[in-house]
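The structure appears below as structure tokens.
The values are calculated or read from the model by the stated rules, or taken from the named source; none is laboratory data. Computed from a predicted structure; not experimentally measured. In this analysis, Cβ positions are derived from the backbone assuming ideal geometry, glycine residues included, and neighbour counts consider all displayed protein chains. Each accessible area value is taken on the protein alone, full model and side chains, heavy atoms only, with ligands, DNA and RNA left out. Shrake-Rupley method; radii C 1.70, N 1.55, O 1.52, S 1.80 Å.
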Amino acid sequence: QVRVVESGGGLVQAGGSLRLSCTASGNTVRINTMAWYRQPPGKQRETVAVMPSVGRPSYTDSVKGRFTISRDNAKNTLYLQMNSLKPEDTGVYYCKYSGDGTLSWGQGTQVTVSS
């Protein structure tokens, strides 16, 4: 079993920045993929950025050039640096861990961007 915990959400004005963190603990494996998703109010959950333990990150088009995903493999911790935030970035941000057949989600952290 893998436990995933996110932190770092909050309220910020448009143009501001936030940094999210996510830590996976428990029966983690060295080769895994961690990712950020978000669910805007009234909409479906969508992929924001994906970071494998080995390989290159990928981003959804709407955040390219503004968000940066990174990870510390030794700590099984994933980060999302969000700059130039827009009101449409508002939503609950979730972290997902997947590896060796295990898939775990965090409880989510709220990000609210005011105009």
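Things to note:
Yes or no, residue by residue, for (1) within 12 Å of residue 89 (Cβ to Cβ); (2) at pLDDT 95 or above:
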position	(1), (2)
4	no, yes
17	yes, yes
22	no, yes
29	no, no
32	no, no
36	yes, yes
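- Against the conditions (1) in contact with an Asp or Glu (Cβ under 6 Å, 6 or more places away or on another chain); (2) at positive phi; (3) not β-branched (Val, Ile, Thr), residue 95 satisfies every one except (2).
- Considering only residues in the stretch 81-115 that are in contact with a strand residue (DSSP E or B) (Cβ under 9 Å, 6 or more places away or on another chain) and closer than 15 Å to residue 31 by Cβ, the one that is most open to solvent (accessible area, probe 1.4 Å) turns out to be 103.
- Any chance residue 48 is in contact with a helix residue (DSSP H, G or I) (Cβ under 7 Å, 6 or more places away or on another chain), of a type outside the set (Ser, Thr, Tyr) and either under 18 Å from residue 6 (Cα atoms) or open to solvent by less than 10 Å² (accessible area, probe 1.4 Å) (or both): yes
- The C-beta contact set for the stretch 67-92 (first residue touching a residue at least 60 places away in the same chain (Cβ under 8 Å), second residue in a helix (DSSP H, G or I) and surrounded by 15 or more Cβ atoms within 10 Å (Cβ to Cβ), distance under 7 angstrom, 6+ apart or interchain) comprises 82/89.
- The residues of the stretch 58-76 that are over 18 Å from residue 103 (Cα atoms) and part of a strand (DSSP E or B), listed by number, are 58, 59, 67, 68, 69, 70, 72.
- Residue among 16, 55, 42 that alone is part of a loop (DSSP other than H, G, I, E, B) and open to solvent by less than 40 Å² (accessible area, probe 1.4 Å): 16
- All positions within the stretch 22-32 that are open to solvent by 30 Å² or more (accessible area, probe 1.4 Å) and either touching a Lys or Arg at 6+ places or on another chain (Cβ under 8 Å) or over 14 Å from residue 96 (Cβ atoms) (or both): 23, 25, 26, 27, 29, 30, 31
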